[in-house]
1. Just a yes or no: is a residue in the stretch 275-291 open to solvent by less than 10 Å² (accessible area, probe 1.4 Å) and of a type in the set (Val, Ile, Thr)?
2. Name the residue, out of 256, 231, 299, that is over 23 Å from residue 81 (Cα atoms), open to solvent by 10 Å² or more (accessible area, probe 1.4 Å) and out of contact with any strand residue (DSSP E or B) (no Cβ under 8 Å at 6 or more places or on another chain).
3. From the list 159, 184, 121, 137, pick out the single residue that is over 22 Å from residue 47 (Cα atoms), of a type in the set (Lys, Arg) and touching a residue at least 12 places away in the same chain (Cβ under 8 Å).
4. Output the number of the condition that residue 172 fails; it satisfies all remaining conditions of (1) polar (S, T, N, Q); (2) over 30 Å from residue 41 (Cα atoms); (3) not in a helix (DSSP H, G or I).
5. Of all the strands (runs of 3 or more DSSP E) wholly in the stretch 52-151, which have at least 1 residues that are modelled with pLDDT under 95 and open to solvent by 50 Å² or more (accessible area, probe 1.4 Å)?
6. Would you mind telling me which numbered condition in (1) open to solvent by 40 Å² or more (accessible area, probe 1.4 Å); (2) touching a strand residue (DSSP E or B) at 6+ places or on another chain (Cβ under 8 Å); (3) not small (Gly, Ala, Ser) residue 174 fails?
7. Quick check on this structure: which one of 179, 187 is in contact with a helix residue (DSSP H, G or I) (Cβ under 6 Å, 6 or more places away or on another chain) and open to solvent by less than 60 Å² (accessible area, probe 1.4 Å)?
8. If I filter the stretch 200-220 for residues that are basic (Lys, Arg) and closer than 20 Å to residue 80 by Cα, do I get at least one hit?
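The values are calculated or read from the model by the stated rules, or taken from the named source; none is laboratory data. Keep in mind it's a predicted model, so treat the numbers as computed, not measured. Heads up, the Cβs are rebuilt from the backbone with ideal geometry, glycines too, and the neighbour counts pull from every protein chain shown. Calculation scope for accessible area: heavy atoms of the full protein, side chains included, ligands and nucleic acids excluded. Shrake-Rupley method; radii C 1.70, N 1.55, O 1.52, S 1.80 Å.
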Amino acid sequence: MKRPTIMDIARRAGVSKGAVSMALNGLPGVSEATRGRILEVARELDWHPNNAARALSAARSDAIGLVLARPARTLGAEPFFFQLISGLQAELSGRRIALLLQVVEDLDAEIAVYRQWWSERRVDAVILIDLRVQDPRVDLLEELDLPALVIGGPGHHGRLPSVWADDAKAMTTIVDHLAGLGHRRIARIAGLPDLLHTERRTEAFRAAVASHGIDAAPILMTDYSGEQGAAATRQLLRSPLPPTAIVYDNDVMAVAGVAVATELGVAVPTSLSVVAWDDSPLCQLLHPPLTALTRDTFAFGASAARSLLLVLDGAEGADVEDHVPVLVQRESTSAPSPH
């Protein structure tokens with residue numbers, strides 16, 4: 001079957017070849033109505049960029065793109081991202097490949113960045129993070145035929161390769177630990193609700209508490225910030241039947257939660273056990289030091305970079321499962337007070 005060309009799109013849409021080129025590459029020069037009509041015709045004809053032609057017309061950029069659609073104030077406080085980015089960069093720098101990082105406010109802005117990078121050939125590939133349950137970025141990157149690796153999974157990432165760890169198994173480990181200590185009132189302060197890993201942790205948390213015969217296990221959603229983590233903790237501890245243990249989706253919120261407990265006169269761990277999802281120096285230096293899930297995030301980032309480099313070198317993309325985070329028990333968890 002003959003591959004559709006830009007000229008075929010121009011004839012069907014009733015526009016010039018130049019207008020088609022501008023529309024497909026996200027460049028100014030055509031109205032939004034015309035751009036929409038051209039993109040619709042391209043979809044009808046099942047048109048895709050000619051990678052061979054693009055390779056001849058431009059050398060590789062030797063750059064990998066990473067867009068983070070998170071509030072900048074929360075990113076600045078999360079050690080996880082610094083370790084992940086350090087691991088990515090360490091592996092890429094060995095190949096003299098740059099990591100192009102951009103922080104945006106929302107998903108629409110992130111999608112716009114991918115379109116711009118693709119049209120300008122700014123990057124050879126991208127790393128997709130914070131996978132959504134229904135994620136339009138996956139369809140977009142497949143449509144653009146822009147090489148990509150998803151950090152997260154399995155599933156919900158189309159044909160894109162991924163590197164992931166079993167969040168469900170890790171959450172079950174936490175609940176089993178707390179239930180084993182005798183806790184019957186366990187709560188969770190979670191992150192952003194539309195993220196796939198949040199949903200997986202939520203499902204695993206509910207299943208794990210149910211397996212221990214625990215009926216009431218409240219879950220409060222936040223933006224991962226210390227402010228919202230503190231507010232959620234205050235709400236739980238002031239409730240008529242406060243929890244004896246709280247699981248936090250990151251270290252920043254867990255530290256903020258301990259501060260709120262201290263303010264309210266709730267002793268950790270005597271009256272409240274605290275577990276942080278991600279271990280960090282914050283968890284280790286706090287008094288009492290926090291029980292936390294730990295993994296080598298630097299190595300996780302390096303593994304993701306290696307997987308993406310294999311794809312760029314022509315290998316078939318694959319799903320790679322990383323090590324399940326390990327629960328490190330410290331002084332913030334103990335048996336609940338009998339009173």
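1. Applying the first criterion (open to solvent by less than 10 Å² (accessible area, probe 1.4 Å)) to the stretch 275-291 yields 275-277, 280, 283, 290-291.
This time we only want the ones that are of a type in the set (Val, Ile, Thr), so: 275, 291.
Yes, the stretch 275-291 contains a residue that is open to solvent by less than 10 Å² (accessible area, probe 1.4 Å) and of a type in the set (Val, Ile, Thr).
2. Matching residue, one of 256, 231, 299: 231.
3. Just one listed residue meets the conditions, 184.
4. Only one criterion in (1) polar (S, T, N, Q); (2) over 30 Å from residue 41 (Cα atoms); (3) not in a helix (DSSP H, G or I) is unmet by residue 172, namely (3).
5. Working: elements: 63-69, 98-104, 125-128, 148-151.
Counting at least 1 such residues, we get 98-104.
6. Result: residue 174 fails condition (1) only.
7. Details: 179 fails: in contact with a helix residue (DSSP H, G or I) (Cβ under 6 Å, 6 or more places away or on another chain).
When all the criteria are applied, what remains is 187.
8. First pass over the stretch 200-220, keeping only residues basic (Lys, Arg): 200-201, 206.
From what is left, the residues that are closer than 20 Å to residue 80 by Cα are 200-201.
Within the stretch 200-220, one or more residues are basic (Lys, Arg) and closer than 20 Å to residue 80 by Cα.
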